1. Is there a residue in region 69-76 that is in contact (Cβ under 8 Å) with a residue 12 or more places away in the chain, under 24 Å from Trp144 (Cα atoms), surrounded by fewer than 15 Cβ atoms within 10 Å (Cβ to Cβ) and not hydroxyl-bearing (Ser, Thr, Tyr)?
2. Where residues in region 35-65 are crowded, with 17+ Cβ neighbours inside 10 Å and under 27 Å from Leu161 (Cβ atoms), which of them is modelled with the lowest pLDDT?
3. Do we find a residue being small (Gly, Ala, Ser), touching a strand residue (DSSP E or B) at 6+ places or on another chain (Cβ under 9 Å) and on the phi < 0 side of the Ramachandran plot anywhere in region 128-144?
4. Just to verify a result, which residue in region 13-25, among those that are surrounded by fewer than 16 Cβ atoms within 10 Å (Cβ to Cβ) and not small (Gly, Ala, Ser), is farthest from Val59 (Cα to Cα)?
5. Quick check on region 166-182. Is at least one of its residues in a helix (DSSP H, G or I), surrounded by fewer than 18 Cβ atoms within 10 Å (Cβ to Cβ) and modelled with pLDDT of 90 or more?
6. Arg76 is checked against (1) in contact with a Ser or Thr (Cβ under 8 Å, 6 or more places away or on another chain); (2) more than 28 Å from Thr28 (Cα to Cα) and fails just one. What number does that condition carry?
7. Please enumerate the residues belonging to region 79-109 that are under 18 Å from Ala16 (Cβ atoms), modelled with pLDDT under 90 and surrounded by 11 or more Cβ atoms within 10 Å (Cβ to Cβ).
8. Being part of a loop (DSSP other than H, G, I, E, B), surrounded by 15 or more Cβ atoms within 10 Å (Cβ to Cβ) and either basic (Lys, Arg) or modelled with pLDDT of 95 or more (or both), is that true of even one residue in region 26-34?
Amino acid sequence: MTGVVSTALSSLSLAANRIATAANVIGTLVVLGLVAVVNFDVVARGAFNMPFRGAIEVVQFSMVLIVFFQLPDVVRSNRLTRSDGFLILLGLTRPRLAGVIRRLIDLLSCVIMVLITVALWPEFVEMWHTNDYFGIPGVFTAPWWPIKLTIVCSAALCAVLFAIKSLGIEPDASAISNKSAKGRQE
């Protein structure tokens, strides 16, 4: 049974890592779209004296999307900004204690991400039903719900990634594919 649980957790880890990487790619595409919008605004403003209406709103919208699309991949790849100088020094003399503290920090981070997910879910549902929007009516408006949905999904994925890290599970794609291949042969 332990092998089945281990394989399931490893599969979950692999899936979460792949989703985080895909979200990062989407965030990067949003950055490229933002560059296009800003360049279009500059050219339209300078050449035709007609700025892109809603450029400020698009930039605000895009910044939130970029941050929350790319956050799970930052968590996945251990590039989250934090002060871990103490843990590095502790790891030199007491590596097991440093590992336990790291896992506790990951567990606390998981709890915080779960709280963010739980707190924002009702806001997303409300925005979905009310079709609340931001921007200037008649100039540029966009609904709030895509932002809330992105934050909820990002926080939920980060919670899964932190939980996986706190359990010390590493995605092993070769082990998963080897076990599934063995299962098909039998």
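The values are calculated or read from the model by the stated rules, or taken from the named source; none is laboratory data. This is a predicted model, so every value here is computed, not measured. Because the Cβ atoms are built from the backbone with ideal geometry, glycine has one as well, and the counts that use them run over all protein chains shown.
1. no
2. Here the answer is Phe61.
3. yes
4. Pass one, region 13-25, residues surrounded by fewer than 16 Cβ atoms within 10 Å (Cβ to Cβ): 15, 18, 21-22, 25.
Those left that are additionally not small (Gly, Ala, Ser): 18, 21, 25.
Values: Arg18: 27, Thr21: 23, Val25: 18 Å.
So, considering only residues that are surrounded by fewer than 16 Cβ atoms within 10 Å (Cβ to Cβ) and not small (Gly, Ala, Ser), the one farthest from Val59 (Cα to Cα) is Arg18.
5. Residues of region 166-182 that are in a helix (DSSP H, G or I), as a first pass: 166-167, 173-182.
Right, trim to surrounded by fewer than 18 Cβ atoms within 10 Å (Cβ to Cβ) and you get 167, 173-182.
This time we only want the ones that are modelled with pLDDT of 90 or more, so: 167.
Yes.
6. Evaluating Arg76 over (1) in contact with a Ser or Thr (Cβ under 8 Å, 6 or more places away or on another chain); (2) more than 28 Å from Thr28 (Cα to Cα) leaves (2) as the failure.
7. The one that is under 18 Å from Ala16 (Cβ atoms), modelled with pLDDT under 90 and surrounded by 11 or more Cβ atoms within 10 Å (Cβ to Cβ): Leu80.
8. So the first thing to find is which residues in region 26-34 are part of a loop (DSSP other than H, G, I, E, B), and the list is none.
No, because not a single residue in region 26-34 is part of a loop (DSSP other than H, G, I, E, B), surrounded by 15 or more Cβ atoms within 10 Å (Cβ to Cβ) and either basic (Lys, Arg) or modelled with pLDDT of 95 or more (or both).
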